[in-house]
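Peer 1: Submitted below is the structure of interest, expressed as structure tokens.
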Amino acid sequence: VTTGDDAYVGMKSYFQLEGLAYRFVPIKQTPSEEAQGGRVNTEIMYDNIMNKFLWGGMDKPGVNLDENCVRMVGNLRMQMSILAGALINEGKNEKAINVLDKCLKVMPDENIPYDASIYTVCGAYYELGESKKANELAKKLFDIYEGDLRIYTAQKPNRRNAYSRDISQAKEVLKRLVGLTQQYKQEELTKEFMNRIQG
């Protein structure tokens, strides 16, 4: 799942996600499956993630992870979010919550700082009615990107240009968090975020 679409030689419509690899199957994805990122075999993938995957101690306090491990975590979080979304679509909400909880447990913020990949985890929690967990994640993510933006904009103009992509991403994440909290009627949090953006 870490390669780009170019590597799939036009066969992606026949891929089925089961973990960190696709299985090539003789079943073409439906338009709704394509719109959601592809076919997911929720039964196999849930078993892989919850019972078979070994997480390498990423949750151990003080573990030192190199750049490659940290980069891979974003991908793992994204795949788990995709599985949670597919489970929600099948009405398997308890399993979806289990996957999201596992995601945060085995890849904690303390060892692998949250990034934009956590946005989809946050959105899935809101969709599942887990507002308390979603609000905690939304606040953490907002704090991170607000802090990043403060650092980027404090740079001298000639240095700030080097961070233009990061600045755009930070602004986009903040804007999306406002939209997400509005969508799920978290009025107090929406108001706080909007005040902080405008302030």
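Peer 1: Which of these, Gln186, Gln79, Gln155, has the largest mean-square fluctuation under a Gaussian network model of the chain (Cα springs below 10 Å)?
Peer 2: Sorting by GNM fluctuation, first place goes to Gln155.
Peer 1: Using only Cα atoms, tell me the angle between helix 67-89 and the longest principal axis of the chain; keep it within 0 to 90° and round to the nearest 10.
Peer 2: 70
Peer 1: Sorted by accessible area (1.4 Å probe), largest first, how do Val9, Val70 line up?
Peer 2: Val9, Val70
Peer 1: Hey, another quick one. On a C-alpha basis, how far is the centre of segment 117-154 from the centre of segment 44-67 in Å? Whole number, if you could?
Peer 2: 22
Peer 1: Could I ask something else about it? Assuming R0 = 25 Å, what is the FRET efficiency of Asn75 and Ala162, from their Cβ-Cβ distance, to the nearest 0.05?
Peer 2: Computed FRET efficiency for Asn75 and Ala162: 0.45.
Peer 1: Now, a different point. Roughly what angle does helix 164-183 make with the longest principal axis of the chain, taking Cα atoms, 0 to 90 degrees, to the nearest 10?
Peer 2: Approximately 80 degrees, to the nearest 10.
Peer 1: While we're here: Quick check: pseudo-label points 7 Å beyond the Cα along Cα→Cβ at Glu136 and Lys12, how many nm apart are they?
Peer 2: Taking the two extended label points, one gets 3.5 nm.
Peer 1: Also, I was wondering about something else. Label-point separation (nm) for Glu43 and Lys191, each offset 7 Å from Cα along Cα-to-Cβ?
Peer 2: If labels sit at Glu43 and Lys191, their model points lie 4.9 nm apart.
Peer 1: Counting each DSSP H run of 4 or more residues in the chain as -39500 (n - 2.57), what helix-only mean residue ellipticity at 222 nm follows after dividing by all residues, to the nearest 500 deg cm²/dmol?
Peer 2: -18500 deg cm²/dmol
Peer 1: Looking at segment 98-133, which GluC sites (Glu not before Pro) are in a loop (DSSP not H, G, I, E or B) and have at most 11 other Cβ atoms within 10 Å?
Peer 2: Glu110
Peer 1: Can you tell me the 0 to 90 degree angle between the C-alpha axis of helix 187-198 and the longest principal axis of the chain, rounded to 10?
Peer 2: Once rounded, one gets 60 degrees.
Peer 1: Here is a further query. Could you calculate the FRET efficiency of Asn98 with Gln155 from 1/(1 + (r/R0)^6), where r is the beta carbon distance between them and R0 is 35 Å, rounded to 0.05?
Peer 2: Efficiency computed from Cβ-Cβ geometry: 0.25.
Peer 1: Go through Arg159, Arg39 and list them by solvent-accessible area, largest first, probe radius 1.4 Å.
Peer 2: Accessible-area ranking of Arg159, Arg39, largest first: Arg159, Arg39.
Peer 1: Kindly sort Glu33, Glu172 by accessible area of their heavy atoms, largest first, with the probe set to 1.4 Å.
Peer 2: Largest to smallest exposure gives the sequence Glu172, Glu33.
Peer 1: Right, next: Once amide H atoms are built 1.01 Å from N in the peptide plane, which residues 5 or more positions from Arg39, or in another chain, come under 5 Å H to H?
Peer 2: Leu17
Peer 1: Under a plain spin-label model, where a point goes 7 Å from the Cα along Cα-to-Cβ, how far apart in nm are Val25 and Gln198?
Peer 2: Output for this residue pair reads 4.9 nm.
The values are calculated or read from the model by the stated rules, or taken from the named source; none is laboratory data. Quick caveat, the model's predicted, so the values are computed rather than measured. Quick reminder, even Gly has a Cβ in these numbers, built from the backbone with ideal geometry, and neighbours come from all protein chains shown. In case anyone asks, the SASA skips ligands and DNA or RNA and just uses the protein heavy atoms, side chains included. Shrake-Rupley method; radii C 1.70, N 1.55, O 1.52, S 1.80 Å.
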